[in-house]
Amino acid sequence: MATEKDKSLYNLAICDALYYYDTSIIVRVGAQFGLWFGTLLFLGTERHTKYYARVASMELPGCFALTELGHGSNARAIETTATYNPASQTFVIHTPTESAQKYLIGNGLTAEMSTVFAQLFVNGVLYGVHAFIVPLRNPDRTLYKGVKIASCGHKMGLNGVDNGRFWFDNVEIPRENLLNKYGDVTAEGVYESPIPDNDMRFAATLSALVVGRVMMVQGANNMAKIGVATAVKYAEQRRQFGVLNEPERKLMEYTSHQRKLLPIVAQCYVFIPAIHHLTGLMLDRTDDVAEQFKRIKEIHFLASGLKSLSGWHMASSLQSCREACGGQGFKSNNRIGILKADGDAWLTFEGDNSVLMQQVGKPLMKDYEKVFTDSKISKKLLFAPRHLKCNPLQFPFPVVWDDGSNQWVKDTSFLKPEGGHEYMTDLQWLETVMEARELFIFDLLLKRYAAAKADAKSDFGAWNVCTDLAADGSKAHIERHILKRFRADLELPSAVAIRPMLVQLGALWALWTLTHDSRFLALQLLPVGVMSALDEQINVLLTQLRPHAETLVDGFGIPDHLLGVCAKDYVHANSYRQALGSSSFHGKAAL
């Protein structure tokens, strides 16, 4: 018999597949089941189970209303209010200003109910953001009393999603409509919560967002897969230039084209274990509130970072794929342009990526502060972790830590290691380089923050001048986590047969990531000669992976009919015979 976790995995697999088909559909599905149903499941209690069957069957379509015109990423400061009235045992939901209107709400024009987030007031005391079930429409589809709804208008993408905006004019809802897992109000008007700390309760309340972010990480990777699979298959057909009196060469034979596409293929594969790990954390829930809160913090941390990196990866990948396909990439029937327009929303919705990375950076900074202030270990950690062979700024030559003498010593073997440059594709060495990059960034961050505080800046002012380093440090941390999860999955029995190729993909991604990171280059952790060799190793890996390029994108398992039409036979797809069958062609000459 299938467990609840099995059922959840099955539903996530459906969502995973839908991303290949149409992004508007999956966003609507995610809003209904991931967010609307998710808030009932994760923020509600026994009294809200009455909605489950109707929501699951789509008899009760709903939405998730957190974002406001004036507040997106800073959800803590939303303006919508929910005031408890003990006389009627109701909450009054109200939009006090135009900037408080709920904005860009997916499924907003078709939903009958919504999870609405609002500032809770009880007896004049503010208890922060809570979630409420608010009816939007009556059974006959007319608007509920006090509710106003309007469209957000045409968008640059995702126009299959009906984004709406709401205003509430003192809308009364029953006391039981408060989703009360983390906070409740008695009939008499007494506030109760198993989490007394407001910050912790706010974080727990917003945990419902995690489901959406986890789905978005997978979706971003899938959109990149569609783009790069289309581009690689097209490049295996399209020929251009070559040696005089010989057949033109396939685009995929050119190193410049390989550098456009194969790092994207590698990144799509390397992301998968981190996505699976995050999904497992999300589904491993417990009824113990304290323990669940610890898990929520970890999940929020990873989901925020991975959502940001996967979104940026998707956007840059689709742009590279569009360019790699030339004019074919510009055509809508090759899907890349449509995915670019739809996927652009991934950069800001459910959290602006840049803001999310800063949020990840703040707790990391506190963790590193503890490490750096431990005098017993700070000297060793400050220069390089574990066995990293590097050239920190503090030394004019490569050094390694000598446990015998408990100090740094010159490493003469590093410049000419046995076996040439093979160590540069060793995933453990690459992970350690990533760890050093992360450590050095946070060392710089802590020094800049301390200097700003010494300059009489407030906590906000000091943090404000550090946000670029915080975002870079977060990116470094999440990228190291991605490689760590990838390395762990290489030990699985299912990976044995293809492990050599997976190692090549992991090394290509790590080398590409490091050599294209301006912060890493500025840190000068490795000698100039070694940095040049890293880039040369990228071309070595491209040569090794190039014969398998089409096999690798076939490994994504995307049905051919869901790729761009140029992926199969671009000449046939553009033939006159095909044009005759087009709905936009009637055999007439163009005017």
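The values are calculated or read from the model by the stated rules, or taken from the named source; none is laboratory data. All figures in this text were calculated on a predicted structure; none of them were measured in a lab. Heads up, the Cβs are rebuilt from the backbone with ideal geometry, glycines too, and the neighbour counts pull from every protein chain shown. Keep in mind that these areas ignore ligands, DNA and RNA; they rest on the heavy atoms of the full protein, side chains included. Shrake-Rupley method; radii C 1.70, N 1.55, O 1.52, S 1.80 Å.
What distance in nm separates the two pseudo spin-label positions at Thr348 and Glu253, each 7 Å out from Cα along the beta-carbon direction?
Once both label points are built, they end up 4.5 nm from each other.
Let me know the shape class of the range 18-109, please: from the alpha-carbon gyration tensor, a ≥ b ≥ c as square roots of the eigenvalues, rounded when a/c is under 1.5, otherwise prolate if a/b is greater than b/c, or oblate.
oblate
If each of Asp6 and Ser458 carries a label point 7 Å out from its Cα toward its Cβ, how far apart are those two points in nm?
Placing both labels 7 Å along Cα→Cβ, they lie 5.6 nm apart.
What accessible surface, in Å², does a 1.4 Å probe find on Glu172, ignoring ligands, DNA and RNA and rounding to the nearest 10?
100
Can you work out the FRET efficiency for the pair Leu562 and Arg499, with r the C-beta to C-beta distance and R0 = 41 Å, to the nearest 0.05? Working shown, then result.
Numbers: r = 29 Å, r/R0 = 0.71.
Efficiency at R0 = 41 Å is approximately 0.90.
Pairs Lys307/Lys568; Lys181/Lys457; Lys453/Lys484; Lys260/Lys475; Lys233/Lys340; Lys297/Lys484: which exceed 28 Å Cα-Cα?
Lys307/Lys568; Lys181/Lys457; Lys453/Lys484
In whole Hz and in residue order, list the ³J(HN,Hα) couplings for the range 261-278 that follow from phi through the Karplus curve 6.51 cos²θ - 1.76 cosθ + 1.60, θ = phi - 60°; x for Gly and Pro.
Result, ordered by residue: 10, 5, x, 5, 4, 4, 5, 4, 6, 5, 5, 4, x, 5, 5, 5, 4, 5 Hz.
What FRET efficiency do you get for Ser575 and Ser57 if R0 is 45 Å and r is their Cβ-Cβ distance, rounded to the nearest 0.05? Kindly include the intermediate steps, with their values, before the conclusion.
Details: r = 45 Å, r/R0 = 1.01.
E(calc), rounded to 0.05, equals 0.50.
Just add up the charged neighbours of Phe241: K/R +1, D/E -1, any other residue whose Cβ is under 9 Å from the Cβ of Phe241.
That sum, taken over residues with Cβ under 9 Å, equals +1.
Which length gain, in nm to one decimal place, applies between Asp367 and Leu126 when the Cα-Cα distance is subtracted from 0.36 nm times their residue separation?
My answer for the length gained is 83.6 nm.
Under the √(5λ) rule applied to the eigenvalues of the Cα gyration tensor, what semi-axes describe the equivalent ellipsoid of the range 155-212? Give them in Å, descending.
Equivalent-ellipsoid dimensions as semi-axes: 30, 19, 9 Å.
At a probe radius of 1.4 Å, what is the per-residue accessible area of Ser57, in Å² to the nearest 10?
The accessible area of Ser57 comes to roughly 70 Å².
Where only protein heavy atoms count, and the probe is 1.4 Å, what is the accessible area per residue for the range 445-591 in Å²?
So the range 445-591 comes to 53 Å² accessible per residue, rounded to a whole number.
Would you grab the residues whose amide H sits under 5 Å from the one on Leu143? Only those 5+ places off in sequence or on another chain, please, with H modelled 1.01 Å from N.
For Leu143, whose amide H was placed from the backbone, the distant partners under 5 Å are Asn138.
Just to be sure I follow: if Rg is taken over the C-alpha atoms of the range 147-288 and Rh is the Kirkwood radius over the same atoms, what is Rg/Rh?
Expressed as Rg/Rh, it is 1.22.
Can you tell me the FRET efficiency between Lys148 and Val243 if r is taken as the Cβ-Cβ distance and R0 is 56 Å, rounded to the nearest 0.05? Please list the in-between numbers first.
Numbers: r = 69 Å, r/R0 = 1.23.
Efficiency at R0 = 56 Å is approximately 0.25.
Would you work out the Kirkwood radius for the range 505-581? I mean one over the mean of 1/r across all pairs of different Cα atoms, in Å.
On the way: mean 1/r = 0.0631 Å⁻¹.
Taking the inverse mean of 1/r over all distinct Cα pairs, the range 505-581 comes out at 15.8 Å.
If the viscosity is 1.306 mPa s and the temperature 10 °C, what Stokes-Einstein diffusion coefficient in µm²/s follows for the chain when Rh is the Kirkwood radius over Cα pairs?
60
Using a simple spin-label model with points 7 Å from Cα along the Cα→Cβ vector, what separation in nm is obtained for Thr110 and Lys155?
1.4
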